[in-house]
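A.B. asks: Here it is: the structure, laid out below.
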Amino acid sequence: MRILIPVLLFFVLVQGVFAEEPCTLIRTWGAQGGGSNTTANGIAVDSSGTIYVTDTGNHRVQEYLSNGSLFTEWGNWRAVTLKFERPWGIATDSSHNVYFTDNKNDTVLKFTSWGSEVWGSEGSANGQFDAPTGIAVDRTGNVYVADTGNDRIQVFHSTGTYLMQWGSTGTMNGHFNAPEGIAVDSSGTMYVADTGNHRIQKISPTGTVLATWGSEGTGNGQFDTPAGIALDPWGNVYVADLTSRLQEFSPAGEYLATCDTGGATRGVAIDSSGYIYALMQSGTRWTIGIYKTPSSVPTQTPTITPASRPTRFEITTPTVPATSQTSALQTKIPVTPTTGLTAGPVTSPEVSPAPAAGDNATMATPVVEVTIRNTGTQVNILDTIAGVFRNLFTGK
C-alpha cells in the first residue's frame, strides 16, 4: 500500500501536467467604427498580425490591430468608380494584398498599396460568378474562389486571369452543394467546406478527391452548415459551423478536438504561430475571438501601431442602411467588370464516390504526429514527483 499510493499519485499528476484544453480564449471584441451590428462573414490575418473582417451587413471591410483596436475601414456601395455591396470571404497574400468577394455584385476585389482591381461578372462562364463566398490564396499567389451559386471552385492568377475550375452540382465526391469555405496548403491541396452537403472535401492540385469527411449533425465530426475553414502551421484543419464551435481534424480527416466559441461561428483564420481567430455571430451582433491552442507558440511579431502601420485605404463610413443576410445566395445587381479576363483551359476531373479498380482517386493515408512539450512548469512538477519517490525508497 505504501508503494501503490505514490504510484497512483504519479499517474494522476502526469495526466494533469500533459492534459491541455483544446483552446483557451485570449481576447474578444465586437464591431467598432459606427454602423449597425449585423452580419459578418469573413476573417483573415496577415503576417504582421493585422486582422481583416468583412462586415457584410454594413457593406464594408474593417482592419483591426492585433490588440483589437480598429485601424481603418473602407467601403461604400454607392461609389461610382469602385463599389461593393456585400463583401463576404476575405484573404491576404504574402505581399499584404487583400482579396475579398462581393457576394451581390458577383466580383472579386483586390486591394494593393497602389490601387485596386475588380474581376468577374454575373454568370456561369469561366471567370464569372454566382454569389461567390470563400476565397483563399496559395503560396504562389494563385487565388481560389468558392463560386457558391455555380457549385464549383475557380482558380485565378494573382492578376485575375482565369486558370481552371473544379466541381459541379451534386453529392458525389468532387461535386458540391453551395460550397463556401476554402483553404489551400503549401503543396496546393485544397480543403473545401461543402456547405450544403455538410462535409469537407480534400482535393489534390490536379483535382483528385483525396478524402471526404462529415455528415449533417451536431456530434463530433459532424457539421451544421460548415462555412469557414482554415489550416494551422502543422497542417491540421479547423472547421467553423453554426453549432457555436470549431472542430479540429488531422489532414486526413481524423477528428481531434472541439473548441467552443459561444456563438454561431461564421469564419476562422489562423496565424503563423498557431493562434486562432474566430468570427462568431449571435443574433445581430458579431464578435471576434482569439484563441490559443496547445500547439500555439509565442508570437515574435512586433506590435503594430497606427503610427507605424502604412495606410492602404482612406477611412470611409457607409451611410446606407445596414442589411442582414441569411444566405449567401440572394438577389444580385449587375456590375460591369473593370478588368478583363483571359479564359484558360477548364479542368473537370471525373471522380467517383469511392476508389475502385481503374479509378484515379486515391485516399490519403493518415499520418499521426505526437509532440510532447516540456514546459518549465511541467519540469518543476516532475522534479517534485521524483523527489517523492527518492524519499519513499531511501527513507530520507
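The values are calculated or read from the model by the stated rules, or taken from the named source; none is laboratory data. As the structure is a prediction and not an experimental result, all values here were calculated from the model. In this analysis, Cβ positions are derived from the backbone assuming ideal geometry, glycine residues included, and neighbour counts consider all displayed protein chains. Remember, those area values only see protein heavy atoms, side chains included, never the ligands or the DNA or RNA. Shrake-Rupley method; radii C 1.70, N 1.55, O 1.52, S 1.80 Å.
A.B. asks: Being open to solvent by 40 Å² or more (accessible area, probe 1.4 Å), in a strand (DSSP E or B) and either modelled with pLDDT of 95 or more or not acidic (D, E) (or both): is that true of M164 here? Before you say what the answer is, go through the steps one by one.
C.D. replies: Details: open to solvent by 40 Å² or more (accessible area, probe 1.4 Å): yes; in a strand (DSSP E or B): yes; either modelled with pLDDT of 95 or more or not acidic (D, E) (or both): yes.
Spelling it out, M164 is indeed open to solvent by 40 Å² or more (accessible area, probe 1.4 Å), in a strand (DSSP E or B) and either modelled with pLDDT of 95 or more or not acidic (D, E) (or both).
A.B. asks: For the subset of the stretch 178-225 comprising residues that are under 16 Å from R152 (Cα atoms), touching a strand residue (DSSP E or B) at 6+ places or on another chain (Cβ under 9 Å) and part of a loop (DSSP other than H, G, I, E, B), which member is most open to solvent (accessible area, probe 1.4 Å)?
C.D. replies: P205
A.B. asks: Here is a list of conditions, (1) open to solvent by 40 Å² or more (accessible area, probe 1.4 Å); (2) farther than 16 Å from G134 by Cβ, and L242 meets all of them except one; can you say which number that is?
C.D. replies: Going through (1) open to solvent by 40 Å² or more (accessible area, probe 1.4 Å); (2) farther than 16 Å from G134 by Cβ one by one, L242 breaks only (2).
A.B. asks: Going residue by residue through the stretch 67-90, is there one that turns out to be in contact (Cβ under 8 Å) with a residue 60 or more places away in the chain and among the β-branched types (V, I, T)?
C.D. replies: Checking the stretch 67-90: at least one residue is in contact (Cβ under 8 Å) with a residue 60 or more places away in the chain and among the β-branched types (V, I, T).
A.B. asks: If you take the residues in the stretch 272-292 that are open to solvent by 20 Å² or more (accessible area, probe 1.4 Å) and among the small types (G, A, S), which one is modelled with the highest pLDDT? Break it down into steps so the answer makes sense when it comes.
C.D. replies: Taking the stretch 272-292 first, the residues open to solvent by 20 Å² or more (accessible area, probe 1.4 Å) are 272, 275, 281-285, 287, 292.
Keeping just the survivors that are among the small types (G, A, S) gives 272, 282-283.
Values: S272: 92, S282: 83, G283: 80.
If we take residues in the stretch 272-292 being open to solvent by 20 Å² or more (accessible area, probe 1.4 Å) and among the small types (G, A, S), then S272 is modelled with the highest pLDDT.
A.B. asks: Sticking with this one: If you take the residues in the stretch 29-47 that are surrounded by fewer than 16 Cβ atoms within 10 Å (Cβ to Cβ) and at negative phi, which one is modelled with the lowest pLDDT?
C.D. replies: Checking each candidate, the answer is S36.
A.B. asks: Restricting to the stretch 107-130, count the residues that are in a strand (DSSP E or B), closer than 15 Å to G149 by Cα and free of Cβ contacts under 8 Å to residues at least 40 places away in the same chain.
C.D. replies: If we filter the stretch 107-130 for residues that are in a strand (DSSP E or B), which is where we start, we get 107-111, 116-119, 122, 129.
Within this subset, residues satisfying the condition of being closer than 15 Å to G149 by Cα are 107-108, 122, 129.
Okay, now just the ones that are also free of Cβ contacts under 8 Å to residues at least 40 places away in the same chain, so 129.
Total satisfying the criteria: 1.
A.B. asks: I'm trying to understand the selection: among the residues of the stretch 208-264, which are more than 14 Å from the chain's Cα centre (by Cα) and of a type in the set (F, W, Y)?
C.D. replies: Matches in the stretch 208-264: W213, F223, W234, Y255.
A.B. asks: Here is a follow-up. Can A269 be described as open to solvent by less than 30 Å² (accessible area, probe 1.4 Å), within 20 Å of T195 (Cα to Cα) and touching a residue at least 24 places away in the same chain (Cβ under 8 Å)?
C.D. replies: Numbers: open to solvent by less than 30 Å² (accessible area, probe 1.4 Å): yes; within 20 Å of T195 (Cα to Cα): yes; touching a residue at least 24 places away in the same chain (Cβ under 8 Å): yes.
Taking the combined requirement at face value, the residue satisfies it.
A.B. asks: Select, from A257, A252, the only residue that is assigned to a strand (DSSP E or B) and open to solvent by 10 Å² or more (accessible area, probe 1.4 Å).
C.D. replies: Numbers: A252 fails: assigned to a strand (DSSP E or B).
Criteria check complete, one pass: A257.
A.B. asks: Next question, about the same structure. Test E21 against the criterion of being within 21 Å of Y291 (Cα to Cα), at pLDDT below 80 and outside any helix (DSSP H, G or I), and give yes or no. Give the steps one after another, and end with the answer.
C.D. replies: Working: within 21 Å of Y291 (Cα to Cα): yes; at pLDDT below 80: yes; outside any helix (DSSP H, G or I): yes.
So E21 passes the test.
A.B. asks: Tally time: how many residues in the stretch 105-150 are on the phi > 0 side of the Ramachandran plot and surrounded by 18 or more Cβ atoms within 10 Å (Cβ to Cβ)?
C.D. replies: 4
A.B. asks: Taking the stated definitions as given, is S158 open to solvent by 10 Å² or more (accessible area, probe 1.4 Å), touching a residue at least 60 places away in the same chain (Cβ under 8 Å), touching a helix residue (DSSP H, G or I) at 6+ places or on another chain (Cβ under 9 Å) and more than 16 Å from G89 (Cα to Cα)? Full working, then the answer.
C.D. replies: Details: open to solvent by 10 Å² or more (accessible area, probe 1.4 Å): yes; touching a residue at least 60 places away in the same chain (Cβ under 8 Å): yes; touching a helix residue (DSSP H, G or I) at 6+ places or on another chain (Cβ under 9 Å): no; more than 16 Å from G89 (Cα to Cα): yes.
Spelling it out, it is not the case that S158 is open to solvent by 10 Å² or more (accessible area, probe 1.4 Å), touching a residue at least 60 places away in the same chain (Cβ under 8 Å), touching a helix residue (DSSP H, G or I) at 6+ places or on another chain (Cβ under 9 Å) and more than 16 Å from G89 (Cα to Cα).
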